[in-house]
Amino acid sequence: MANPSTGGTMIDDSTNTSPYSQPKFPNHRESMITAMNVGSSDFILIEDLGPKRKISVKEKAEQVVPWFEKTIKRLWTPRTITKRLPITKWAPRYGTEDAVGDLVAGITVGLTVIPQSLAYSNIAGLPSQYGLYSSFLGALMYIFLGSCKDVPMGPTAICSLLTYQAVHGLGPAHAILLAFLSGVIMFIMGVVGLGIAIDFISDPVSSGFTSAVALLILSSQVKDILGIRASGATFIEMWRSIAEDVQNTKFWDTLVGLICVVILILMRMLSEIKIGSKTDPDSLTTFQRVVNKTIWLISTSRNAILVVVGGLIGYYFYESPREPLNLIGPLPPGLPEFRLPPFSVERGNVTIGFFEMCSEMGSGIVVLPLIGLLENIAICKAFANGQPVDATQELIAIGLCNIGNSMVQSFPCSGSLSRSAVNNCSGVRTPLGGLYTGILVIVALLFFTPWFFYIPNCVLAAIIVAAVVFMIEVRVVKPIYRSKKSDLIPGVATFFFCLVLPLEIGILIGIGLNLVSILYHAARPKISMEIARSRAGVEYLLLTPDRCLIFPSVDYVSTLVMKQSVRRGIPVVIDCSHIYGADFTAAKVIEVLCNDFSRRQQPLFFYNLKTSVVAVFEGVQPKDFIVYYNEDELDNLLLLHAVNKHRMNSLAGNGMYRLSVDGRVNMDVNVGHRLSVDGVGAGAPRLSVDSIPRLSIDGVPAISVDNIHRLSVDGTLQRLTPENTPSGRRRLSNLSADAVIDITNEAKNKNR
């Protein structure tokens, strides 16, 4: 069908010269005016932008109580209870096979956590018994609250080091209060749904942080292997302190410590040895299965075996007169007293209050919960087998476990990745495996603490070294480099600053660099540009931003659009399919952009703009702000512009410079010739009347038909009346080489 705006030009839908290989726009023909003002819902999410009644403050206040009651009722629904108490999901289906798997895994993890907890308390700068105090109540509470079967709650290397840097020798009271505050912060974050906070810690930053922590922990254990005294919170401080006392190195501590490290690494590799077929486990004989299981059990229990052997060695040397090894020393027997964490502490004759204690621990109170959550979520994701991880529930679980732990004199805890691997390999079926781990720790506290006296410090240091040396994530550097080299910047920066500065500052610097990178990409969106043609052959510049328009990016986008539009001098179409949001600053810049295009009479069209964004832009009332939603509308808009431009060029070529719209200023045709309005003037060239669609020329206001009484056509005065002007309008064409003048009712008061 002929498009009336072309004066007879045909558009064949089967001959598509659009740059899109597939139809980008829906094949619906709607009114152009309706599409510009209302928009289409074919590609965008419809939002209710209708008028809304303003709610008074009194009405809002009256809604608080019903909302609170509704929220309380929602918290006690069966679905919410099941979600917040995961034990209700697996307990009804618990069977004999589950019980056997949990029993084996729980005992295996218990044999691992006892020596590790003794060692990790040393990292935290606390007496050894506090590691054991941190290993049983949290494990028991996680049975009811935890959503991941593989997580064994207890002390970890990272949390221990963060505790040491936050407490920095102030004593167990500060560490216990730190556990309580960390738990409270985690619980509150879980209740208000702030588990999203860990999404701001990228994998490169996490890898850099973990590697730096591993080096710091290794450095902190060098003093125990050498049998010397050293201190320090950063990498440089530790090695400077070691260098100052290295001349006092003890031979037997060093020898036993190094031998233990080698033995532990070899025993770790022992788990990879299997007899029989590795590809077909079903073909193994009973003997082969027993041998393989025994080898695996020996490898998994290497820490417990080494502690027993080290204790015997320590006992032997302790009875000798020289005492060549540094031992743990006496531990108080029995379970810790169940009481509230200390909110004040006596230091000499001065009482240090709660707020002063918090001030002394500094930013570690905030950083430690985030790192604990990050460590726990990493474990959940590693063993989730593609299942979603509920970060909110893990926050609540870890928070409550730390609050409970603080009641039994524990320092901050989380899930341990190394023990999680042991738990998973041991065949754990449910979180109930933590029951047997907790019972084993309780038994150790009740009956075996006198024997812990003889364990050498160098043996515990060797256990830590053999565990954390594999935490240095060197292997991730190459994949990151191949994937995106710029991601190495925050990772390397985090690694470096965590070594030379306190850990909480180093991780905050890494997160800050991540945020800067995100903001930079938000401020500099990628914009694809191409010269496209409509189906009628009209050229236009198609610009496609790849993200939303917000205040950091809108000036950049506007500058680029202006630069390219002035250079090309053709209509500009901005594809807004990826623009899902905008703000007031963006709206103001769009207003300036639209006004500039309107002043230069260069078309600017917005395609597929989300209705919520349209509302933001229309709030500042930009001039000639046109939005369209399908290709037919674009064809009409571009064709309309092309016809106007062509006929204006024709007018200029025949010597016409001005058009009269008020009866006083007329359009010059040639010297001495004017267009007559109301019988004034004569000598205009021939004018004819036909049905050319409504057009305007060069932004000139329209002429009122109702108020034009006589029009000179080839020198003959003719009267225009409503009878020969259908609908109150008449279009005139063929004015000097087919120029077109739009005659509408818009200017009837001007032409009287």
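Values computed for the structure shown
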{"quantity": "Which numbered condition Ile480 fails, given (1) in a helix (DSSP H, G or I); (2) hydrophobic (A, V, I, L, M, F, W, C); (3) surrounded by 15 or more Cβ atoms within 10 Å (Cβ to Cβ); (4) without any contact (Cβ under 8 Å) to a residue 60 or more places away in the chain", "calculated": "(4)"}
{"quantity": "The listed residue being of a type in the set (A, V, I, L, M), in a helix (DSSP H, G or I) and surrounded by 24 or more Cβ atoms within 10 Å (Cβ to Cβ), out of Leu400, Leu445, Leu395, Leu435", "calculated": "Leu395"}
{"quantity": "Test: residue in segment 190-207 that is in contact with a Cys (Cβ under 9 Å, 6 or more places away or on another chain) and in the same structural domain as Asn376 (by TED's automatic domain parsing)", "calculated": "no"}
{"quantity": "The one condition in (1) in contact with a helix residue (DSSP H, G or I) (Cβ under 9 Å, 6 or more places away or on another chain); (2) among the hydroxyl-bearing types (Ser, Thr, Tyr); (3) more than 28 Å from Lys223 (Cα to Cα) that Thr494 fails to fulfil", "calculated": "(3)"}
{"quantity": "Residue within segment 339-348 that is touching a Cys at 6+ places or on another chain (Cβ under 9 Å) and either surrounded by 12 or more Cβ atoms within 10 Å (Cβ to Cβ) or at pLDDT 85 or above (or both) present", "calculated": "no"}
{"quantity": "Members of segment 263-297 found to be among the basic types (Lys, Arg) and closer than 22 Å to Val469 by Cα, listed by number", "calculated": "Arg268"}
{"quantity": "Number of positions in segment 458-477 that are part of a loop (DSSP other than H, G, I, E, B) and either among the hydrophobic types (A, V, I, L, M, F, W, C) or on the phi > 0 side of the Ramachandran plot (or both)", "calculated": "3"}
{"quantity": "Residues located in segment 244-289, provided they are small (Gly, Ala, Ser) and farther than 16 Å from Ala462 by Cβ", "calculated": "Ser271, Gly276, Ser277, Ser283"}
{"quantity": "Residue in segment 375-392 that is modelled with the highest pLDDT, counting only those that are in a helix (DSSP H, G or I) and surrounded by fewer than 20 Cβ atoms within 10 Å (Cβ to Cβ)", "calculated": "Thr392"}
{"quantity": "Scope segment 123-143; condition under 24 Å from Gly348 (Cβ atoms) and in contact with a helix residue (DSSP H, G or I) (Cβ under 6 Å, 6 or more places away or on another chain); matching residues", "calculated": "Ala124, Gly125, Leu126, Tyr130"}
{"quantity": "Count of segment 401-423 residues which are closer than 25 Å to Thr108 by Cα, touching a helix residue (DSSP H, G or I) at 6+ places or on another chain (Cβ under 6 Å) and among the hydrophobic types (A, V, I, L, M, F, W, C)", "calculated": "6"}
{"quantity": "Residue check, Arg547 within 30 Å of Ile263 (Cα to Cα), within 31 Å of the chain's Cα centre (by Cα) and not aliphatic (A, V, I, L, M)", "calculated": "no"}
{"quantity": "Residue satisfying all of: in segment 273-316; at pLDDT below 80 and not polar (S, T, N, Q); surrounded by the fewest Cβ atoms within 10 Å (Cβ to Cβ) among these", "calculated": "Asp282"}
{"quantity": "Single unsatisfied condition, Trp67 versus (1) more than 26 Å from Leu432 (Cβ to Cβ); (2) of a type outside the set (A, V, I, L, M); (3) assigned by TED's automatic domain parsing to the domain that holds Asn402", "calculated": "(3)"}
{"quantity": "Residue within segment 185-202 that is free of Cβ contacts under 8 Å to residues at least 24 places away in the same chain and not in a helix (DSSP H, G or I) present", "calculated": "yes"}
{"quantity": "Filter result (assigned to a helix (DSSP H, G or I), surrounded by fewer than 22 Cβ atoms within 10 Å (Cβ to Cβ) and of a type in the set (Phe, Trp, Tyr)) within segment 80-124", "calculated": "Trp90"}
{"quantity": "Residue within segment 438-449 that is assigned by TED's automatic domain parsing to the domain that holds Leu215, farther than 30 Å from Ser517 by Cα, among the small types (Gly, Ala, Ser) and at pLDDT below 85 present", "calculated": "no"}
{"quantity": "Count of residues meeting criterion [surrounded by fewer than 24 Cβ atoms within 10 Å (Cβ to Cβ) and either under 44 Å from the mean Cα position of the chain (by Cα) or free of Cβ contacts under 8 Å to residues at least 60 places away in the same chain (or both)] in segment 448-464", "calculated": "1"}
{"quantity": "Scan of segment 549-587 for residues that are surrounded by fewer than 17 Cβ atoms within 10 Å (Cβ to Cβ), touching a residue at least 12 places away in the same chain (Cβ under 8 Å) and among the polar types (S, T, N, Q), ordered by number", "calculated": "Gln564, Ser577, Thr585"}
{"quantity": "Some residue of segment 593-604 being part of a strand (DSSP E or B) and of a type in the set (Phe, Trp, Tyr)", "calculated": "no"}
{"quantity": "Output for segment 489-546, where each listed residue is of a type in the set (S, T, N, Q) and closer than 30 Å to Glu375 by Cβ", "calculated": "Thr494, Asn514, Ser517"}
{"quantity": "Single residue of segment 224-252 satisfying the filter (part of a helix (DSSP H, G or I) and touching a residue at least 40 places away in the same chain (Cβ under 8 Å)) that is surrounded by the fewest Cβ atoms within 10 Å (Cβ to Cβ)", "calculated": "Phe251"}
{"quantity": "Residues being among the aliphatic types (A, V, I, L, M), crowded, with 22+ Cβ neighbours inside 10 Å and in a helix (DSSP H, G or I) - total across segment 146-174", "calculated": "6"}
{"quantity": "Within segment 298-329, tally of residues that are among the small types (Gly, Ala, Ser) and under 18 Å from Pro450 (Cα atoms)", "calculated": "5"}
{"quantity": "Unique match (being in contact with a helix residue (DSSP H, G or I) (Cβ under 7 Å, 6 or more places away or on another chain), in contact (Cβ under 8 Å) with a residue 60 or more places away in the chain and at positive phi) among Gly154, Gly106, Gly146", "calculated": "Gly154"}
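The values are calculated or read from the model by the stated rules, or taken from the named source; none is laboratory data. Source: prediction; values computed, not measured. Because the Cβ atoms are built from the backbone with ideal geometry, glycine has one as well, and the counts that use them run over all protein chains shown.
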